[in-house]
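Notes for the one structure printed next.
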Amino acid sequence: MVTVHKLSPRDARRIAVRAQLLDRERPAGLVEMVRHLTLLQIDPTAAIAPTADLVAWSRLGSAYSPADLVGALEKRSLIELMATIRPAEDLALYRAEMVEWHQRPPVADWQKRHRAWVRANDACRRDILARLGSEGPLPSRNLPDTCVVPWKSTGWTNNQNVIRLLEVMSARGEVAVAGRQGRDRLWDLAERVYPEDPVVPSDEALRRRNERRLRALGIARAKTTKVPIEAYHVGQVGEPGVVAGVHGEWRVDPEQLGQPFIGRAALLSPFDRLIHDRKRSLELFEFDYGLEMYKPAAKRRWGYYALPILYADRLVGKLDAIADRKAGVLRVNAIHEDEPFTKATSAAVDSEITSLASWLQLDLVRAR
């Protein structure tokens, strides 16, 4: 008979925080940290710091330098894969899916339109492969745009033909990010970038990805709404659990059960995996949050790029701050307390803000 673990909300929160390496015991180093978390998400916004760096700093503290990430990518112990940074060895868990890209029938209308656009521009795809084969690695601006059908979008990707095609070719395993030139990705043929590890069959790869995701999250739903980049759900891996006061069954990493917990304060990226699943954040942490940089200033509750604030096993507020590098300051506009901070909470959060300014090599300026 399968045992269903009965958890209090505090138990569930502590499992989630510890699994995300946000308790008092910090990880040993960057590569080890990414291996456990499975990924660092890439996002171009750097209102305080690039999100991959901010996630690493939240866990490693002042021991982390962005140069560490640059070095790991250059050595290819870490690689870029579809808007994420992952351990190089994990690529083997995605290769079968890349090979099978053609075989997966499109279901939604947008998927059908996407496939039709790729087929219409197959000559451009071949032109890109030829240029990379002879001259790569190259930034996207140096690749030929011979698309006969432009990419249509109501957003910022409109007419970004080469970039969109490169992303599809990356999903197909044809091209890969070989490095960076400033903030520009350098593209090359995947065969010259990826390690020659054996390809893991699709079903086995999916199971192992779910196992690794559950280990990184600690507690997750078996099935949730489908989202881009990285799923929130974990299938049937782990063991079943229920959380008091929260509807439905969860999947729990059994290795996290019964472990000691000593918390700390942490400032999180808006893309941090602890809070990225907004529904889980509400269910387990009662934490209401949304990234507001796309909202008009007058409609923002917490700020342009507010950082969630963790204290022990609670998400207690948001930090509205901006790194003004021209002025050489980290400007703190407000600290939004979801509930009044205790003296201990205030002291710990203030210490983290000071540490963040020091790590950024900026003077700290607080709003009066």
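When only residues in segment 12-35 that are over 17 Å from His276 (Cα atoms) and either among the hydroxyl-bearing types (Ser, Thr, Tyr) or touching a residue at least 60 places away in the same chain (Cβ under 8 Å) (or both) count, which is surrounded by the most Cβ atoms within 10 Å (Cβ to Cβ)? Can you show your working first?
Step one: of segment 12-35, the residues over 17 Å from His276 (Cα atoms) are 23-33, 35.
Still in the running and either among the hydroxyl-bearing types (Ser, Thr, Tyr) or touching a residue at least 60 places away in the same chain (Cβ under 8 Å) (or both): 23-25.
Working: Asp23: 21, Arg24: 11, Glu25: 12.
Selected residue: Asp23.
How about segment 122-141: which of its residues are out of contact with any Phe, Trp or Tyr (no Cβ under 9 Å at 6 or more places or on another chain), of a type outside the set (Gly, Ala, Ser) and open to solvent by 50 Å² or more (accessible area, probe 1.4 Å)?
Arg126, Asp127, Arg131, Glu135, Arg141
If you go through segment 243-279 one residue at a time, how many are open to solvent by less than 40 Å² (accessible area, probe 1.4 Å), outside any strand (DSSP E or B), over 21 Å from Ala47 (Cα atoms) and among the hydrophobic types (A, V, I, L, M, F, W, C)?
The qualifying residues number 2.
Run down Val31, Val2 and say which single residue is at pLDDT 95 or above and of a type outside the set (D, E, K, R).
Val31
Hey, among Asp188, Asp253, which residue is within 20 Å of Ile85 (Cα to Cα) and among the acidic types (Asp, Glu)? Give the steps one after another, and end with the answer.
On the way: Asp253 fails: within 20 Å of Ile85 (Cα to Cα).
Just a single option satisfies the conditions, and that option is Asp188.
Residues are listed down the side, and each one gets a yes or a no for (1) in a loop (DSSP other than H, G, I, E, B); (2) touching a helix residue (DSSP H, G or I) at 6+ places or on another chain (Cβ under 8 Å); (3) under 19 Å from Ala265 (Cα atoms); (4) in contact (Cβ under 8 Å) with a residue 24 or more places away in the chain:
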{"position": "Leu284", "(1), (2), (3), (4)": "no, yes, yes, yes"}
{"position": "Arg301", "(1), (2), (3), (4)": "yes, no, no, yes"}
{"position": "Leu330", "(1), (2), (3), (4)": "no, yes, yes, yes"}
{"position": "Thr345", "(1), (2), (3), (4)": "no, no, yes, yes"}
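If the requirement is being among the hydrophobic types (A, V, I, L, M, F, W, C) and at pLDDT below 95, which of these qualifies: Leu282, Leu330, Leu274, Leu291?
Step by step, each of Leu282, Leu330, Leu274, Leu291 is checked, and only Leu291 is among the hydrophobic types (A, V, I, L, M, F, W, C) and at pLDDT below 95.
Examine segment 233-241 for a residue that is among the polar types (S, T, N, Q) and either at pLDDT below 90 or assigned to a helix (DSSP H, G or I) (or both), and state whether such a residue exists. I'd like the intermediate steps shown before the answer.
Step one: list which residues in segment 233-241 are among the polar types (S, T, N, Q), which gives 236.
Filter again for either at pLDDT below 90 or assigned to a helix (DSSP H, G or I) (or both), leaving none.
No, there is no match, as no residue in segment 233-241 is among the polar types (S, T, N, Q) and either at pLDDT below 90 or assigned to a helix (DSSP H, G or I) (or both).
Only one residue in Ala357, Ala344 is of a type in the set (Gly, Ala, Ser), open to solvent by 10 Å² or more (accessible area, probe 1.4 Å) and over 21 Å from the mean Cα position of the chain (by Cα), so which one is that?
Result: Ala344 is the single residue among Ala357, Ala344 that is of a type in the set (Gly, Ala, Ser), open to solvent by 10 Å² or more (accessible area, probe 1.4 Å) and over 21 Å from the mean Cα position of the chain (by Cα).
Which pairs have Cβ atoms under 6 Å, sit 6 or more apart or on different chains, and link a residue in segment 131-159 that is under 24 Å from Gly182 (Cβ atoms) to one that is modelled with pLDDT of 95 or more and part of a loop (DSSP other than H, G, I, E, B)?
Matching pairs, first to second residue: Arg131/Leu143.
Given the options Leu22, Leu69, Leu54, name the one that is at negative phi, part of a loop (DSSP other than H, G, I, E, B) and under 16 Å from the mean Cα position of the chain (by Cα).
One residue alone meets the criteria, Leu22.
Could you check, for segment 86-99, whether at least one of its residues is modelled with pLDDT under 95 and either within 30 Å of Arg325 (Cα to Cα) or in a loop (DSSP other than H, G, I, E, B) (or both)?
Yes, because at least one residue in segment 86-99 is modelled with pLDDT under 95 and either within 30 Å of Arg325 (Cα to Cα) or in a loop (DSSP other than H, G, I, E, B) (or both).
Would segment 48-69 turn up any residue that is of a type in the set (D, E, K, R), over 29 Å from Ala327 (Cα atoms) and modelled with pLDDT of 95 or more?
No - not one qualifying residue is present in segment 48-69.
Tell me yes or no: at least one residue of segment 307-325 is within 30 Å of Arg212 (Cα to Cα), among the small types (Gly, Ala, Ser) and either open to solvent by less than 50 Å² (accessible area, probe 1.4 Å) or in a strand (DSSP E or B) (or both). Before the answer, list the steps.
At the first step, the residues of segment 307-325 found to be within 30 Å of Arg212 (Cα to Cα) are 307-318.
Imposing the further condition that a residue be among the small types (Gly, Ala, Ser) reduces the set to 312, 317.
Still in the list and also either open to solvent by less than 50 Å² (accessible area, probe 1.4 Å) or in a strand (DSSP E or B) (or both): 312, 317.
Yes.
Within segment 187-206, how many residues turn out to be within 22 Å of Gly71 (Cα to Cα) and at pLDDT below 95?
8
With (1) at pLDDT below 95; (2) within 25 Å of Arg95 (Cβ to Cβ) as the list, and Asn158 as the residue in question, which single condition is left unmet?
Tallying (1) at pLDDT below 95; (2) within 25 Å of Arg95 (Cβ to Cβ), Asn158 fails exactly one: (2).
Does Trp151 satisfy being part of a helix (DSSP H, G or I), surrounded by fewer than 20 Cβ atoms within 10 Å (Cβ to Cβ), at pLDDT below 95 and not basic (Lys, Arg)?
no
Would you confirm whether any residue within segment 101-116 is closer than 13 Å to Val168 by Cα, surrounded by 17 or more Cβ atoms within 10 Å (Cβ to Cβ), within 25 Å of the chain's Cα centre (by Cα) and at pLDDT below 95?
no
Residue check: is Leu73 buried (at least 20 other Cβ atoms within 10 Å of the Cβ) and either touching a residue at least 40 places away in the same chain (Cβ under 8 Å) or closer than 23 Å to Ser170 by Cβ (or both)?
So Leu73 does not fit the description; no.
Could you please let me know if Arg215 is closer than 30 Å to Ala12 by Cα, open to solvent by 70 Å² or more (accessible area, probe 1.4 Å) and touching a His at 6+ places or on another chain (Cβ under 8 Å)?
Numbers: closer than 30 Å to Ala12 by Cα: yes; open to solvent by 70 Å² or more (accessible area, probe 1.4 Å): yes; touching a His at 6+ places or on another chain (Cβ under 8 Å): yes.
Against the criterion (closer than 30 Å to Ala12 by Cα, open to solvent by 70 Å² or more (accessible area, probe 1.4 Å) and touching a His at 6+ places or on another chain (Cβ under 8 Å)), Arg215 qualifies.
The values are calculated or read from the model by the stated rules, or taken from the named source; none is laboratory data. Nothing here was measured: the structure is a model prediction, and the numbers come from that model. Every residue, glycine as well, gets a Cβ built from its backbone with ideal geometry; the counts of neighbours run over all protein chains shown. Protein only, heavy atoms only, side chains kept; ligands, DNA and RNA dropped before computing areas. Shrake-Rupley method; radii C 1.70, N 1.55, O 1.52, S 1.80 Å.
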